[in-house]
Amino acid sequence: MTNELPRIIQGGMGVGVSGWRLANAVGSRGQLGVVSGVALDVIHARRLADGDQGGHLRRAYAEFPNQKIVADVLDRYYLPDGRQPDEPYRTVPKLNADPPANLIGLTVLANFAEIRLAKSGHTGPAGVNYLTKVQLPTPYAILGAVLGGADFIIMGAGIPIDIPPMIRGLAAGEPIRQRLDVIDAESDIFVDFDPRSVVPDGWPRTRPKFLAIISSNTLALFLSRNPNNRPDGFVVERPIAGGHNAPPRGKGKFDELGQPEYGPRDEVDLAKLQEVGLPFWLAGGSGRPGLLRQALDSGAAGVQVGTAFAFCQESDIESGLKQDVIDKALADSATVFTDPLASPSGYPFKVVEMSGTISEEAVAEDRTRVCDLGFLRSTYQSPDGTLGYRCAAEPRNAYVRKGGDVEDTDSRRCLCNGLFATVDLPQVRKGGLEPPLVTSGDDINTVIRALCVDSGSYSAADVIEYLEA
Ligand SMILES: Cc1cc2nc3c(=O)[nH]c(=O)nc-3n(C[C@H](O)[C@H](O)[C@H](O)COP(=O)(O)O)c2cc1C
């Protein structure tokens, strides 16, 4: 990769929507393709259980510098003939603050492989996206990305102040210490991790650049104050972007539908941001022709686009569901609800209203609450000092037993299981398959109608061409 900055970033889209195929298609055109790094351990375990179609994962694993880990992962999860459709996926244990070596190995390997595949066959860049809030896998995931040769790591959904030194340490092959966010902790709680426990030699590695996703000038200033914690740039995400959104500043106001209301205080002052002196990309509603030029004119290095890429041929959304969304958008009737409660993370989350998905109250209520993926759990400390983990979308009595407030559980949706179903990796339950959940930006109808001019589908290359027009 050259040192030139990309003008177009294909935003990371979890869970598994932006996999290596999409990132590769974007990178091969010289722009920045970003894989979603969230929950890659389970994504790979499930793809292996489905027989590793095309052998891509095993092809990438063959390059991994610790083949003992590869052998262990294949032994645990790979089914050469694939699983029977009615056979549940094998459970991957949930990560905690003291995970076993095999779980660390799976996380490192999956992140490594996803980046190798995103970069294979071209010289363009590849990046990976993590959610700051999903803290427990972060050191292992970042190590995998470093080993895979990621050019960029991009993180939002929280305040990623500790991430730049963590990336530097891991790329240098030095032990790092992660401070955990723990509810009711009496003092700071840390996780220690030595990357050489996974890969003993070959250090140092190239340090990926780090971009922090921000929605306010205050956060940009805070993150850039200390050179030790300063990112290499920012993605400025506006509230119409797909996925999670930052909550509005000030006292919560809602529109007549119950969506959070954003106002002038939620706009980032780009002139002020320029004074910070770091490159930035504009995200949220930038997926239309002319907006890249406009962003460059406002001092940005380019744009980050999600929605337009989410429904292109190379994204990993299950093909039938993808087509249903496209058809709805073509009829100008896709509706996106910014749900203030659905996500157990506490951030507003955009939900596309689609029948048969958990956007429908009846489908959501019909689902038996179960928490077997657990990526959005919060860590808490019990009075006896032990750490526990709880999610507001787990069974209510379990949440309350763990010290959670029952009111927090109202209207929460299991994003983990819903989003896995969206990328065709639904868990099999006694009553059938887990139902999906689709997210997108507010301007989905406009974007898809513009891209599907001649047919009912489009490619990542079409999106890039369209953005550059
Ligand atoms: C399907 C989908 C999933 C997303 N998932 C994530 C995610 O896991 N992490 C993240 O930081 N941003 C996520 N985003 C936001 C995108 O990376 C990007 O910033 C945003 O989509 C840009 O706005 P746009 O949707 O208006 O193009 C997601 C967006 C979409 C559409």
Does Asp442 satisfy being closer than 26 Å to Thr338 by Cβ, without any contact (Cβ under 8 Å) to a residue 60 or more places away in the chain and not aromatic (Phe, Trp, Tyr)?
no
Among the numbered conditions (1) of a type outside the set (Gly, Ala, Ser); (2) surrounded by 16 or more Cβ atoms within 10 Å (Cβ to Cβ); (3) away from the ligand (no atom under 16 Å from the Cβ); (4) not in a strand (DSSP E or B), tell me where Lys133 comes up short.
(3)
Condition first: farther than 16 Å from Val38 by Cβ and either in contact with a Leu (Cβ under 7 Å, 6 or more places away or on another chain) or touching a residue at least 60 places away in the same chain (Cβ under 8 Å) (or both). Now tell me which residues in the stretch 153-177 satisfy that.
Ile159, Ile161, Asp162, Pro164, Pro165, Leu170, Ile176
Positions within the stretch 15-44 being within 18 Å of Thr138 (Cα to Cα) and assigned to a helix (DSSP H, G or I), in sequence order
Leu40, Asp41, Val42, Ile43, His44
Filtering the stretch 312-349 down to residues that are farther than 29 Å from Cys371 by Cβ and buried (at least 17 other Cβ atoms within 10 Å of the Cβ), which residue is farthest from the ligand (Cβ to nearest atom)?
Lys328
Name the strands (runs of 3 or more DSSP E) wholly within the stretch 286-366 that hold at least 3 residues that are under 25 Å from Gly233 (Cβ atoms) and in contact (Cβ under 8 Å) with a residue 40 or more places away in the chain?
302-305
Among the candidates Gly33, Gly82, Gly51, which residue alone is touching a residue at least 24 places away in the same chain (Cβ under 8 Å) and in contact with a strand residue (DSSP E or B) (Cβ under 8 Å, 6 or more places away or on another chain)?
Gly33
Based on this model, can you work out whether Gly258 counts as under 23 Å from Trp281 (Cβ atoms) and either of a type in the set (Lys, Arg) or in contact (Cβ under 8 Å) with a residue 40 or more places away in the chain (or both)?
no
Those residues of the stretch 422-450 which are assigned to a helix (DSSP H, G or I) and crowded, with 23+ Cβ neighbours inside 10 Å amount to Thr422, Ile444, Val447, Ile448
List the residue pairs whose Cβ atoms are under 6 Å apart, where the first residue sits in the stretch 179-199 and is modelled with pLDDT of 95 or more, the second is assigned to a loop (DSSP other than H, G, I, E, B) and of a type in the set (A, V, I, L, M), and the two are 6 or more positions apart or on different chains.
Val191/Ala97
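Here's the yes/no breakdown for (1) within 16 Å of the ligand (Cβ to nearest atom); (2) within 26 Å of Leu467 (Cβ to Cβ); (3) in contact with a strand residue (DSSP E or B) (Cβ under 6 Å, 6 or more places away or on another chain); (4) without any contact (Cβ under 8 Å) to a residue 40 or more places away in the chain:
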| residue | (1), (2), (3), (4) |
| --- | --- |
| Pro208 | yes, yes, yes, no |
| Thr218 | no, no, no, yes |
| Asn229 | no, no, no, no |
| His244 | yes, yes, yes, no |
| Lys251 | no, no, no, yes |
| Pro264 | no, no, no, yes |
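The values are calculated or read from the model by the stated rules, or taken from the named source; none is laboratory data. Only a predicted model underlies this, so the values are computations on that prediction, with no experimental measurement involved. Counting neighbours? That spans all protein chains shown, and the Cβs are built from the backbone with ideal geometry, glycine included.
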